[in-house]
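What follows is one structure encoded as structure tokens, with my remarks underneath.
The values are calculated or read from the model by the stated rules, or taken from the named source; none is laboratory data. If you're wondering where the values come from, they're calculated on a predicted model, not measured in any experiment. Cβ coordinates were reconstructed from backbone atoms using ideal geometry, including for glycine residues, and neighbour counts include every protein chain displayed. What goes into the accessible areas is simple: the full protein's heavy atoms, side chains included, and nothing from ligands, DNA or RNA. Shrake-Rupley method; radii C 1.70, N 1.55, O 1.52, S 1.80 Å.
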Amino acid sequence: MDKQAILIELDQECREEQYNRAAAWFKNVQLTQASFRQLLEDTVEKIEEPHIKDYLYTMLEFARHHEEKAEELFRAIEREPSSVRTLAGEMLGKGRELWADIIALGGGAVGPWQDLQQLYISNLNSMSAFAVAEQLGLALGIPAILEITFPVVAQKSTDQLLLQECALEMCSKSILYKQPF
């Protein structure tokens with residue numbers, strides 16, 4: 001028995017609905033990336049240790065670039081990015097700072113360690129959102145989406161390891177010795 005590939009053509013209405021659904025997800029990409037970038041902007045100024053500060057400044061440059069990439073996703077499906085989601089993401093980033101302070105207060109940490117810990121979580125959220133967008137690009141058969149997302153996910157994976165290392169390096173000093181870094 002021969003197996004043949006069967007192609008099913010989607011009408012324009014169906015395709016537009018898929019693009020609308022993808023655009024709804026891309027708004028989440030915007031939100032999570034704006035949140036990460038905002039938290040990173042606020043955290044880098046709190047860090048005193050020169051090497052970590054330099055790492056975070058470099059990461060901030062990437063984060064700003066990734067925010068632009070999140071907006072490019074919309075153009076790949078002929079949609080407009082959401083300025084509301086960027087603003088909401090910035091507010092979420094500020095909220096993560098507050099949450100970090102509450103965690104530190106309850107756990108006895110001193111200094112910006114808790115902000116690094118929240119950056120670690122926030123970057124993972126954003127990286128996951130970009131990875132889902134990458135899968136949508138594959139499902140929709142739009143190479144431009146893959147060209148946008150693949151390098152972002154790769155860079156965010158590297159950033160994730162660096163954030164984990166920084167947070168773990170500083171946690172004992174922050175909690176046991178009550179010293180900022």
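A few remarks follow.
- Probe 1.4 Å - accessible area at Y120, Å² to nearest ten: 70 Å²
- Listed residues G137, G106, G89, most fluctuating in the chain (Gaussian network, C-alpha, under 10 Å): G106
- Using the Stokes-Einstein relation with a Kirkwood hydrodynamic radius computed over Cα pairs, the translational diffusion coefficient of the chain at 20 °C and a viscosity of 1.002 mPa s comes to 122 µm²/s.
- Rolling a 1.4 Å probe across all protein chains gives H51 an accessible area of roughly 120 Å².
- Length, then width, then depth: along the principal axes, the Cα atoms of segment 80-167 run 50, 30, 14 Å.
- Sites D54 and R15 - FRET efficiency at Förster radius 45 Å, r taken between beta-carbons, to 0.05: 0.45
- Between V153, V29, V84, the GNM of the chain built on Cα springs shorter than 10 angstrom shows V84 fluctuating the most.
- Under 23 Å between alpha carbons - lysine pairs in the chain that sit 8 or more apart or on different chains: 14
- The chain, relative contact order in percent, only Cα pairs under 8 angstrom and at least six apart counted: 28 percent
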